[in-house]
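Chemist: My structure is below; once you've seen it, I'll send some questions.
The values are calculated or read from the model by the stated rules, or taken from the named source; none is laboratory data. No experiment lies behind these values; they were computed from the predicted model shown. Glycine also receives a Cβ, built like all others from the backbone with ideal geometry; neighbour counts cover every protein chain displayed.
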Amino acid sequence: METTGTAASAGSGEAGELERSIVDHVFRLQPGYAVFLGLHQYDGLLPDLSEAFTERWTAEAEHLLEQVRAVPADPAQPDRGFDHLLLELLLESPRFDLLESRELERNPMSYLGALSLTSYMVREYAPLGQRVAAMVRTLEGVPRLLEQGRRRLGTQLPKPFVELSLAIGSGLPTHFQEAESYARSGGAELVSRLAEVRGVAEGSVREFLGWLKSDLLPRSVDDFALGPERYRRLLWVREGIRTPVDEILRAGRADLEGNQARLEELARGRRPPTSPAALLDDLYPRHPTADRLLATAGEMVEEMRKFTADHHLATIPGPALCRVEETPTYGRSLSTASMNPPGPFDVSGDVGVYYITPVDPAWTPERQEEWLRVFNDAMLLNITAHEVFPGHYLQFLHHRRAANRLVRKVFLSAAFTEGWAHYCEQLTIEQDLRHRSVEAEAAQLHDALLRNCRLVASIGLHTEGMDLESATQLFMREGHLERLPAEREAIRGTFNPEYFCYTLGKLAILEARTKYLASKFDGSLLRFHDRLLSFGSPPVGLLDGLLAAG
């Protein structure tokens with residue numbers, strides 16, 4: 001299978017061939033990941049998640065692991081040892097999902113989550129007809145994939161997994177309809193091709209959701225925890241971390257306490273002095289109207305681009321074009337705002353898409369106002385720092401230009417990408433964003449406390465027997481959330497323990513900055529950040545070694 005034709009040279013000799021074989025093998029299990037990276041020879045492919053295929057895949061992965069571990073160290077290329085470890089983790093991560101956390105037996109989102117058509121609509125990387133053909137091929141594969149899910153999923157699934165699957169899956173028919181509307185600009189023939197398969201795919205989705213709701217939801221259980229051993233394994237296969245979990249928890253709690261203290265200091269400094277909760281409440285009424293929400297976000301993109309450049313925070317590779325759009329319908333149940341970045345192999349250029357979830361016109365006026373309060377001016381600016389400049393979008397621009405190694409372009413660490421974006425929120429305040437206004441810093445601290453609580457809740461829920469009510473109270477007490485969003489955050493931790501990645505990654509970057517900024521970069525944030533971003537998106541457990549060697 002030809003998979004790396006658009007990639008830069010992967011190396012030479014045995015190591016290069018092995019590198020390509022491992023990447024190809026991962027993409028056979030995760031073709032959607034390849035499409036996200038910009039490798040469009042995988043367009044329209046859905047994974048084969050049958051038990052027979054994943055057993056064969058796992059056996060071959062074990063064989064490849066033996067090969068990569070047997071490659072001798074080369075003193076002339078010391079950084080190749082890092083690449084070999086990345087290759088190991090690239091295989092170990094899906095093996096963990098298949099054999100240890102057993103996602104295909106426990107989580108219906110393993111199947112529903114593969115059905116997005118967004119990649120074929122968000123960028124014009126190829127003629128419309130070619131992209132519609134990929135949508136058609138995807139929709140044709142929906143019945144087979146969901147039937148595999150029905151065969152593999154157990155009879156007693158974790159309740160939050162089923163409820164989330166129902167919420168997200170319910171948006172898929174509308175998403176498929178959006179794709180058909182998108183195809184109309186290409187003419188009647190394209191629309192006809194898409195409409196023909198859309199009805200069958202929608203029927204399969206509705207049948208699958210009906211089965212989840214009627215058969216599995218009533219039998220669902222509260223048992224969702226990974227347990228201490230699998231949690232330690234998760235930290236290793238995703239992030240190359242061997243640090244004991246209790247040390248990570250202590251660091252997270254210390255950051256939480258520091259952020260709480262600073263928020264209290266800001267509140268006491270008001271005239272008259274106030275409480276942290278009252279200080280945050282003061283932010284909410286100042287928000288854009290529903291019809292100005294996307295335009296306001298666009299203005300903030302330009303403000304943060306200029307701030308990043310003027311303060312020499314990191315190089316902005318040109319032309320750095322980012323547009324603001326509404327979040328696709330199927331993704332609105334989970335997302336307030338997000339970034340769809342250009343993949344490292346994407347030939348369509350550097351354009352990023354900053355998604356904002358709009359007000360639903362069907363909501364009551366009270367519900368609409370509640371949603372807009374989330375996008376108050378201070379918090380929307382902090383979100384923009386996270387998602388665009390100097391956060392996710394800038395980081396992915398650098399990732400596209402990262403070291404000329406295949407595995408470094410392919411590997412994406414959640415803790416590095418989310419940690420960098422979260423670190424950037426704090427960085428902009430340190431650099432006097434809006435003259436370090438109380439409002440801007442309060443918004444930054446509010447989001448930092450939320451991410452602190454995610455780390456604490458993740459460890460508690462999966463290793464310490466924390467229940468959902470205790471996690472909800474944590475978010476309310478320490479994160480200053482109302483009960484409904486606190487409950488949603490607690491539930492998210494059951495199926496996404498990796499939401500520890502924001503604080504975990506931020507703390508790793510701060511630790512690296514403390515250790516190396518002066519000694520290796522003469523105090524230059526520009527040089528430090530550019531070097532950090534030149535690695536791609538490495539596991540944060542390996543950052544120290546990378547910076548020490550560079």
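Chemist: Go through (1) of a type in the set (Ser, Thr, Tyr); (2) under 23 Å from Gly113 (Cβ atoms); (3) assigned to a loop (DSSP other than H, G, I, E, B) one by one and return the number of the condition Tyr354 breaks.
Modeler: Result: Tyr354 fails condition (3) only.
Chemist: Could you tell me which of the residues Gly505, Gly536 is within 22 Å of Arg408 (Cα to Cα), in the same structural domain as Gln431 (by TED's automatic domain parsing) and part of a helix (DSSP H, G or I)?
Modeler: Gly505
Chemist: Which of the residues that make up the range 158-195 are among the charged types (D, E, K, R) and touching a residue at least 60 places away in the same chain (Cβ under 8 Å)?
Modeler: Lys159, Glu163, Glu178, Arg193, listed by residue number.
Chemist: For Ile168, work out the one condition from (1) in contact with a strand residue (DSSP E or B) (Cβ under 7 Å, 6 or more places away or on another chain); (2) at pLDDT below 95; (3) of a type in the set (Val, Ile, Thr) it doesn't fulfil.
Modeler: Exception for Ile168: condition (1).
Chemist: Here's a follow-up. Looking at the range 249-256, can you tell me whether even one residue there is more than 19 Å from Arg451 (Cα to Cα) and aliphatic (A, V, I, L, M)? Can you show your working first?
Modeler: Restricting attention to the range 249-256, the residues satisfying the condition of being more than 19 Å from Arg451 (Cα to Cα) are none.
The answer is no, given that none of the residues of the range 249-256 is more than 19 Å from Arg451 (Cα to Cα) and aliphatic (A, V, I, L, M).
Chemist: Checking Lys520 against (1) surrounded by fewer than 24 Cβ atoms within 10 Å (Cβ to Cβ); (2) closer than 21 Å to Pro341 by Cβ; (3) among the charged types (D, E, K, R), only one condition comes out false. Which one?
Modeler: (2)
Chemist: Go through the range 313-335 and count every residue that is free of Cβ contacts under 8 Å to residues at least 60 places away in the same chain, assigned to a loop (DSSP other than H, G, I, E, B) and surrounded by fewer than 17 Cβ atoms within 10 Å (Cβ to Cβ).
Modeler: 4
Chemist: Residue by residue through the range 279-309, note down the ones that are within 21 Å of Pro361 (Cβ to Cβ) and of a type in the set (Asp, Glu).
Modeler: Of everything in the range 279-309, just one residue is within 21 Å of Pro361 (Cβ to Cβ) and of a type in the set (Asp, Glu), namely Asp291.
Chemist: Can you find, within the range 279-299, the residue that is nearest to Ser338 (Cα to Cα) among those that are in a helix (DSSP H, G or I) and charged (D, E, K, R)?
Modeler: Checking each candidate, the answer is Glu299.
Chemist: Do any residues in the range 88-114 that are surrounded by fewer than 18 Cβ atoms within 10 Å (Cβ to Cβ) have Cβ atoms under 7 Å from those of residues that are of a type outside the set (A, V, I, L, M) and assigned to a loop (DSSP other than H, G, I, E, B), where the two are at least six apart or on different chains, and which pairs are they?
Modeler: Pairs that qualify, where the first residue is surrounded by fewer than 18 Cβ atoms within 10 Å (Cβ to Cβ) and the partner is of a type outside the set (A, V, I, L, M) and assigned to a loop (DSSP other than H, G, I, E, B), are Glu105/Gly154.
Chemist: State all residues of the range 477-494 that are crowded, with 18+ Cβ neighbours inside 10 Å and on the phi < 0 side of the Ramachandran plot; if no residue qualifies, say none. Outline the logic, then answer.
Modeler: Of the range 477-494, the ones crowded, with 18+ Cβ neighbours inside 10 Å are 478-481, 486, 489-494.
Answer for the range 477-494, where residues must be crowded, with 18+ Cβ neighbours inside 10 Å and on the phi < 0 side of the Ramachandran plot: Glu478, Gly479, Leu481, Ala486, Glu489, Ala490, Ile491, Arg492, Gly493, Thr494.
Chemist: Can you pull out the residues in the range 66-82 that are in a helix (DSSP H, G or I) and either in contact (Cβ under 8 Å) with a residue 24 or more places away in the chain or polar (S, T, N, Q) (or both)?
Modeler: Gln67, Val68, Arg80, Phe82, listed by residue number.
Chemist: Can you tell me which residue in the range 408-417 is nearest to Phe307 (Cα to Cα), limited to those that are surrounded by 24 or more Cβ atoms within 10 Å (Cβ to Cβ) and of a type outside the set (Phe, Trp, Tyr)?
Modeler: Per the criteria, the residue is Ala415.
Chemist: For the range 446-466, indicate whether the set of residues that are farther than 20 Å from Leu249 by Cβ, outside the structural domain of Gln395 (by TED's automatic domain parsing) and not acidic (Asp, Glu) is non-empty.
Modeler: Taking every residue of the range 446-466 in turn, at least one turns out to be farther than 20 Å from Leu249 by Cβ, outside the structural domain of Gln395 (by TED's automatic domain parsing) and not acidic (Asp, Glu).
Chemist: Of the conditions (1) of a type outside the set (S, T, N, Q); (2) surrounded by fewer than 17 Cβ atoms within 10 Å (Cβ to Cβ); (3) closer than 27 Å to Gly349 by Cα, Arg131 clears all except one; give me its number.
Modeler: Here Arg131 clears every test but (2).
Chemist: Kindly check whether there is at least one residue in the range 252-267 that is of a type in the set (S, T, N, Q), touching a helix residue (DSSP H, G or I) at 6+ places or on another chain (Cβ under 9 Å), outside the structural domain of Pro365 (by TED's automatic domain parsing) and surrounded by fewer than 16 Cβ atoms within 10 Å (Cβ to Cβ).
Modeler: At the first step, the residues of the range 252-267 found to be of a type in the set (S, T, N, Q) are 259-260.
Add one more test, that the residue is touching a helix residue (DSSP H, G or I) at 6+ places or on another chain (Cβ under 9 Å), and what stays is 259-260.
Now narrow it down to the ones that are outside the structural domain of Pro365 (by TED's automatic domain parsing): 259-260.
From the residues that got through so far, the ones that are surrounded by fewer than 16 Cβ atoms within 10 Å (Cβ to Cβ) too are none.
No, every residue in the range 252-267 fails to be of a type in the set (S, T, N, Q), touching a helix residue (DSSP H, G or I) at 6+ places or on another chain (Cβ under 9 Å), outside the structural domain of Pro365 (by TED's automatic domain parsing) and surrounded by fewer than 16 Cβ atoms within 10 Å (Cβ to Cβ).
Chemist: Can we say Ser181 is of a type in the set (Ser, Thr, Tyr) and modelled with pLDDT under 95? So that I can check it myself, show each step before the final result.
Modeler: On the way: of a type in the set (Ser, Thr, Tyr): yes; modelled with pLDDT under 95: yes.
So Ser181 passes the test.
Chemist: Could you list, in sequence order, all residues of the range 404-423 that are modelled with pLDDT of 95 or more and not in a helix (DSSP H, G or I)?
Modeler: Result: Phe411, Leu412, Ser413.
Chemist: What are the residue pairs meeting all of these: first residue in the range 377-396, first residue in a helix (DSSP H, G or I) and surrounded by 24 or more Cβ atoms within 10 Å (Cβ to Cβ), second residue hydroxyl-bearing (Ser, Thr, Tyr) and modelled with pLDDT of 95 or more, Cβ atoms under 6 Å, and 6 or more apart or on different chains?
Modeler: Ala385/Thr428; Glu387/Tyr354
Chemist: Under 6 Å by Cβ, and 6 or more places apart or on different chains, what pairs join a residue from the range 293-306 that is farther than 23 Å from Glu370 by Cα and modelled with pLDDT of 95 or more with one that is assigned to a helix (DSSP H, G or I) and not β-branched (Val, Ile, Thr)?
Modeler: If the second residue must be assigned to a helix (DSSP H, G or I) and not β-branched (Val, Ile, Thr), the pairs left are Met304/Ala385.
Chemist: Separate question: Which residues, taken from the range 521-532, are out of contact with any helix residue (DSSP H, G or I) (no Cβ under 7 Å at 6 or more places or on another chain) and over 22 Å from Arg400 (Cα atoms)?
Modeler: Correct list: Asp522, Ser524.
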